[in-house]
Ligand code: GLN
């Protein structure tokens, strides 16, 4: 089927205009509060090597929780299924930074894409990597085929300054012995992974890995096994949007992941990877225009995994 993606992106851009002022930028991380709320970019990478893009698609933004998919991938690539002893794979139905389930479920986070789960994954990486932050950067750069990807130390520091909830989660996890390393070291790693910056173009290119059964789109090298890639995609589908994961599945019908920087990335296996960025968030912490854009994309193309 021949789809004119550029025309579809142009139509989407027109149709989302009435919703442009909706939502608020995440301001609990002070560095994110300074971002122009009306930025908008989208990049779609197809398997025929074509990229279709629009707006601020080549401007870096803070990928925040989208990084959780990348740290999970690095952890499972190193230790395989043993990771599931430390973190479950069920949707939480709760906000990303919620503490409540963690206590009554005795320190086993519901899934790796909420903060508690990602903090456990951060701990795992600190235990198994020689230079955790450098090794993470190397992994992400190799997937994307781009050495320019980096942390933003200002964003990491500003989150650290007010990261009380994440500190509470980490200490609770430690009390259940589901964190093995020094809590401050784990939090420092977590805040850095969240501060990773990418453009829509870089993000969509990176996530082609998950659309390509775990093989690098650049080199063909199998970076993740097919089986583990299936699992990560399933977790994105069921847990990628916190307490709005059902809504995203319902409206968009693709595995994906959001972050409070306003980014959303989604994949259509064997077809494309798409990243959209618009900093205004709905009350659940997901980009308003990002959700709308992807809903329009799967509606207009008539393609989703369902
Ligand atoms: N760094 C953010 C936090 O821990 C990530 C949250 C998100 O993107 N949903 O609060």
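A few remarks follow.
- Residue with peak Gaussian network fluctuation, the chain [Cα springs, cutoff 10 Å], from 168, 156, 215: 168
- Efficiency of FRET between residue 165 and residue 2 - r from beta-carbon atoms, R0 41 angstrom, step 0.05: 0.30
- Region 90-248: relative contact order as a whole-number percent, Cα under 8 Å and 6+ apart: 32 percent
- Choice from 225, 278, 216 with maximal GNM fluctuation in the chain (Cα, 10 Å cutoff): 225
- Principal-axis tilt of helix 164-175 within the chain, Cα atoms, nearest 10 degrees: 50 degrees
- Relative contact order (%) - criterion: Cα under 8 Å, at least six apart; region: region 211-252: 24 percent
- Between 282, 131, 115, the Gaussian network model of the chain with springs among Cα atoms under 10 angstrom shows the greatest mean-square fluctuation at 131.
- Helical contribution to [θ] at 222 nm, DSSP H n ≥ 4, -39,500 (n - 2.57), averaged over the chain, rounded to 500: -13500 deg cm²/dmol
- Gain in span if fully extended, residue 225 to residue 177, counting 0.36 nm per residue against the direct Cα distance: 14.3 nm
- Taking the centroid of alpha carbons for each part, region 129-151 and region 217-278 are 20 Å apart.
- For the chain, the longest principal axis of the Cα atoms and the long axis of helix 183-194 meet at an angle of about 10 degrees.
- Two-site label geometry, residue 30 and residue 301: point separation in nm, points 7 Å out along Cα→Cβ: 4.1 nm
- The fewest-to-most ranking of 40, 52, 104, 13 by surrounding Cβ atoms within 10 Å reads 104, 13, 52, 40.
- Each Cα pair under 8 Å and six or more residues apart adds its sequence gap; the mean of these over the residue count of the chain is a relative contact order of 28 percent.
- Degrees, to the nearest 10: 153-162 long Cα axis against longest axis of the chain: 60 degrees
- Footprinting exposure proxy for 213, 192 (fewest neighbouring C-beta atoms within 10 Å first): 213, 192
- 19 Å cut-off, amide nitrogen to a point 7 angstrom out along residue 15 Cα→Cβ, residues in region 244-271: 247-255, 264-268
Rule-based calculations on the coordinates, nothing more; no lab input. This one's a predicted model, so the numbers in the text were calculated from it and none came from an experiment. In this analysis, Cβ positions are derived from the backbone assuming ideal geometry, glycine residues included, and neighbour counts consider all displayed protein chains.
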